[in-house]
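Read through the structure below, which is laid out as structure tokens, and then see the notes.
The values are calculated or read from the model by the stated rules, or taken from the named source; none is laboratory data. Just so you know, these numbers come straight off a predicted model, no measurement behind them. Please note: Cβ atoms are built from the backbone with ideal geometry, for glycine as well, and neighbour counts cover all protein chains shown.
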Amino acid sequence: MDNDSRFKPHEVLAPHYASAEGKQPFLRRVFDDSAPHYERIASWGFFGTGNWYRRWALGRAGLLPGMTVVDVAAGTGITARAAAAIIGCPEAITCVEPSLGMLRESERQLPQARHLQGGADALPLSDESFDFLSMGFALRHVENLETAFREFRRVLKPGGRLLIMDITKPDGALANRLIKFYFRDFMPRFTRLITGSAEATYLMEYYWETLDHMVDPARVLEALTAAGLEDPRRHVEAGIFSEYTARRS
């Protein structure tokens, strides 16, 4: 099996898009359409994975005051705002996000940070620019894990650290049934209730499919190693919150 297929985060998810080439245009469209509602969904629907959890995870991963930070797939800036609370300097944060709609929401929420449109697989950033890289709950949206992780390594300074937060399916049949019910059945209906948006509801339906088809966490760790990052580790909270950490030597 070649690297290109081995490190895809998941297979092509028809009928959402018909080919690998259609994934990124599809994602930009659905996130643009859902951007005005995303803060509300994240605040109410994701087990409290808001600012407090992100701050906790970022601190445990080694983020310290005075560091420069790039937040990849920044969305509306939830993780970037948590990082700003730790480092005390929003101006030292760069948010990179492919969806222009989400980027504009982030600019509104954290205007002091730098905002750039771009994807994880080809970051519009200089080599060795940052002390810390974060990615919050967006790993499934990259094109190729190893390619993205090589980009992460490229933009980190020597000794720089990264934290990738994600939701992964838990161990155990009962826990998996509960997660399936929550994300497949409850979240789309709840999203429609609190937003009234068919587009945001559709995004949550798609989210479950990416969660259901995402590669095993062991493959993520393998891709971190293949990309030349050192000491890759996975820490799990509450059975479903995976925190992948690694560093550039």
Please specify each residue of segment 84-119 satisfying the condition of being touching a residue at least 60 places away in the same chain (Cβ under 8 Å) and not hydrophobic (A, V, I, L, M, F, W, C). Pro98, Ser99, Gly101, Arg104, Glu105, Gln109, Gly119
Failed item in (1) surrounded by fewer than 16 Cβ atoms within 10 Å (Cβ to Cβ); (2) modelled with pLDDT of 95 or more; (3) not hydroxyl-bearing (Ser, Thr, Tyr), with Met165 passing the rest: (1)
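Within segment 205-249, count every residue that is among the hydroxyl-bearing types (Ser, Thr, Tyr), within 18 Å of His10 (Cα to Cα) and assigned to a helix (DSSP H, G or I).
3
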For the subset of segment 206-220 comprising residues that are surrounded by fewer than 16 Cβ atoms within 10 Å (Cβ to Cβ) and free of Cβ contacts under 8 Å to residues at least 40 places away in the same chain, which member is nearest to Leu178 (Cα to Cα)? Asp216
Given the conditions (1) of a type in the set (Lys, Arg); (2) out of contact with any Leu (no Cβ under 6 Å at 6 or more places or on another chain); (3) touching a residue at least 60 places away in the same chain (Cβ under 8 Å), and given that Arg184 satisfies all but one, which numbered condition is not satisfied? (3)
Say we look at segment 187-201 and pick out the residues that are in contact with a His (Cβ under 9 Å, 6 or more places away or on another chain) and either under 24 Å from Pro15 (Cβ atoms) or without any contact (Cβ under 8 Å) to a residue 24 or more places away in the chain (or both); which of these is surrounded by the fewest Cβ atoms within 10 Å (Cβ to Cβ)? Gly196
Which ones in segment 94-150 are among the polar types (S, T, N, Q), in contact with a Pro (Cβ under 7 Å, 6 or more places away or on another chain) and not in a loop (DSSP other than H, G, I, E, B)? Gln117
Can you tell me which residues in segment 217-249 are at pLDDT below 95 and charged (D, E, K, R)? Glu237
Can you give me the number of residues within segment 136-151 that are more than 19 Å from Arg6 (Cα to Cα) and out of contact with any helix residue (DSSP H, G or I) (no Cβ under 8 Å at 6 or more places or on another chain)? 1
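Restricting to segment 191-249, count the residues that are charged (D, E, K, R) and out of contact with any strand residue (DSSP E or B) (no Cβ under 9 Å at 6 or more places or on another chain).
Taking segment 191-249 first, the residues charged (D, E, K, R) are 192, 199, 205, 209, 212, 216, 219, 222, 230-231, 233-234, 237, 243, 247-248.
With the extra rule that they be out of contact with any strand residue (DSSP E or B) (no Cβ under 9 Å at 6 or more places or on another chain), the set shrinks to 192, 199, 205, 209, 212, 216, 219.
Residues meeting the conditions: 7.
So in segment 56-67, with the set limited to residues that are surrounded by fewer than 18 Cβ atoms within 10 Å (Cβ to Cβ) and touching a helix residue (DSSP H, G or I) at 6+ places or on another chain (Cβ under 8 Å), which one is nearest to Met165 (Cα to Cα)?
Of everything passing the filter in segment 56-67, Gly59 is nearest to Met165 (Cα to Cα).
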So Arg81 clears everything in (1) in a helix (DSSP H, G or I); (2) over 15 Å from the mean Cα position of the chain (by Cα); (3) without any contact (Cβ under 8 Å) to a residue 60 or more places away in the chain except one condition, right? Which one? (2)
Looking only at segment 168-183, how many residues end up being closer than 22 Å to Ala57 by Cα, among the charged types (D, E, K, R) and either modelled with pLDDT of 95 or more or buried (at least 18 other Cβ atoms within 10 Å of the Cβ) (or both)? 1
Tell me, which residue of segment 120-134 that is in contact (Cβ under 8 Å) with a residue 40 or more places away in the chain and touching a helix residue (DSSP H, G or I) at 6+ places or on another chain (Cβ under 8 Å) is surrounded by the fewest Cβ atoms within 10 Å (Cβ to Cβ)? Ser129
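Quick check on my filter: what residues within segment 231-240 are in contact with an Asp or Glu (Cβ under 8 Å, 6 or more places away or on another chain) and either on the phi < 0 side of the Ramachandran plot or buried (at least 19 other Cβ atoms within 10 Å of the Cβ) (or both)?
Those that are in contact with an Asp or Glu (Cβ under 8 Å, 6 or more places away or on another chain) and either on the phi < 0 side of the Ramachandran plot or buried (at least 19 other Cβ atoms within 10 Å of the Cβ) (or both): Arg234, His235, Val236, Glu237.
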